[in-house]
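Step one of this worksheet: look at the structure below.
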């Protein structure tokens, strides 16, 4: 009986996490377009993404009555502050990586190393070595990442490449920490509440730093539409789906499902930005999908 109940729940969580990964894949591209059109710094783009996403999610809570009975316990407040801090750290580091290297490589380096950080964190927390299937999935994911990362033409070299990869690794470490910590539920704090107040908190934490580089947003329809899309679809919707999926999915599957973000970003970079993806790049994409399938079977 328990298998009949748990298996469908895990199937639904898998679909939810896969949806989140695909939607995230449009975030780097739309953020890059917003930065170019509005002449914004990476931290300003990250702040706008979280502020708009958090504002939209809180507005949805207000309309649906989700603000009633909001928990005010120390655990709930601590979770929101921690989520906000980690989201701000992740987004800021990610868009700094995008500034130094291409959208596709920054996304792939960030999310591609996420399963490794999650596996290491889980191993330290449980003091148990990951099983063979999990290690196989991680190996396939990292191999696919390497093939994808060095596929696009015009790859940065020298100190810009080093700086970009370092910021990407910082972003991955921050998001891995968030993934591991949010698997433990707080009473009264559902995924939408966690997402809404966490994003708003992260945006507010980034704003003072972002203001030093300027946060003026031109009141042009195209620019405003790009900002609205960035804050809604790949942020508010995607993060809510991700936190919802974490309730019944294993953290390592959630991390590998997030690999759909770099895959989506790479494909969009090819079809929208005109970047080239070689045969090795397409092989890397296939390996990422294999890693996802192996992880889901576990």
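The values are calculated or read from the model by the stated rules, or taken from the named source; none is laboratory data. As the structure is a computational prediction, the values presented were derived from the model and not from experiment. As a convention, Cβ positions derive from the backbone with ideal geometry for all residues, glycine included, and neighbour counts pool all protein chains shown.
Of the residues that sit in region 120-134 and are part of a helix (DSSP H, G or I), in contact with a helix residue (DSSP H, G or I) (Cβ under 9 Å, 6 or more places away or on another chain) and modelled with pLDDT under 75, which one is farthest from residue 42 (Cα to Cα)?
Within region 120-134, the subset part of a helix (DSSP H, G or I) is 120-126, 132-134.
Within this subset, residues satisfying the condition of being in contact with a helix residue (DSSP H, G or I) (Cβ under 9 Å, 6 or more places away or on another chain) are 120-122, 125, 133-134.
Okay, now just the ones that are also modelled with pLDDT under 75, so 122, 125, 133-134.
Details: 122: 31, 125: 33, 133: 37, 134: 34 Å.
Ranking the qualifying residues of region 120-134, first place goes to 133.
Just to be sure I understand, how many residues within region 191-246 are within 18 Å of residue 82 (Cβ to Cβ) and either touching a residue at least 60 places away in the same chain (Cβ under 8 Å) or in contact with a strand residue (DSSP E or B) (Cβ under 9 Å, 6 or more places away or on another chain) (or both)?
So the count comes out to 20.
Would you confirm whether any residue within region 95-106 is assigned to a helix (DSSP H, G or I) and either closer than 21 Å to residue 241 by Cα or touching a strand residue (DSSP E or B) at 6+ places or on another chain (Cβ under 8 Å) (or both)? Before you say what the answer is, go through the steps one by one.
Step one: filter region 95-106 for residues assigned to a helix (DSSP H, G or I), giving 95-100, 103-106.
The next check asks that each one be either closer than 21 Å to residue 241 by Cα or touching a strand residue (DSSP E or B) at 6+ places or on another chain (Cβ under 8 Å) (or both); those that pass are none.
Looking for residues that are assigned to a helix (DSSP H, G or I) and either closer than 21 Å to residue 241 by Cα or touching a strand residue (DSSP E or B) at 6+ places or on another chain (Cβ under 8 Å) (or both), one finds none in region 95-106, hence no.
Filter region 240-275 for residues that are within 13 Å of residue 179 (Cβ to Cβ), surrounded by fewer than 20 Cβ atoms within 10 Å (Cβ to Cβ) and at pLDDT 70 or above and give the result.
247 - this is the single residue of region 240-275 that is within 13 Å of residue 179 (Cβ to Cβ), surrounded by fewer than 20 Cβ atoms within 10 Å (Cβ to Cβ) and at pLDDT 70 or above.
Do you know which of the residues in region 177-189 that are touching a residue at least 24 places away in the same chain (Cβ under 8 Å) and surrounded by fewer than 19 Cβ atoms within 10 Å (Cβ to Cβ) is farthest from residue 48 (Cα to Cα)?
Once the filter is applied, the top-ranked residue is 187.
Which one of 138, 146 is at pLDDT below 85, crowded, with 20+ Cβ neighbours inside 10 Å, over 19 Å from residue 45 (Cβ atoms) and within 21 Å of the chain's Cα centre (by Cα)?
138
Output the residue which, of all residues in region 69-81 that are touching a helix residue (DSSP H, G or I) at 6+ places or on another chain (Cβ under 9 Å) and assigned to a loop (DSSP other than H, G, I, E, B), is farthest from residue 181 (Cα to Cα).
70
Which residues, taken from region 220-239, are loosely packed, with under 13 Cβ neighbours inside 10 Å and outside any loop (DSSP other than H, G, I, E, B)?
221, 222, 225
Checking the condition touching a residue at least 60 places away in the same chain (Cβ under 8 Å), buried (at least 20 other Cβ atoms within 10 Å of the Cβ) and in a helix (DSSP H, G or I), which residue from 61, 40, 23 passes?
Working: 61 fails: buried (at least 20 other Cβ atoms within 10 Å of the Cβ); 40 fails: in a helix (DSSP H, G or I).
Just a single option satisfies the conditions, and that option is 23.
For the structure I just gave you, tell me whether residue 217 is over 17 Å from the mean Cα position of the chain (by Cα) and not in a helix (DSSP H, G or I).
It is true that residue 217 is over 17 Å from the mean Cα position of the chain (by Cα) and not in a helix (DSSP H, G or I).
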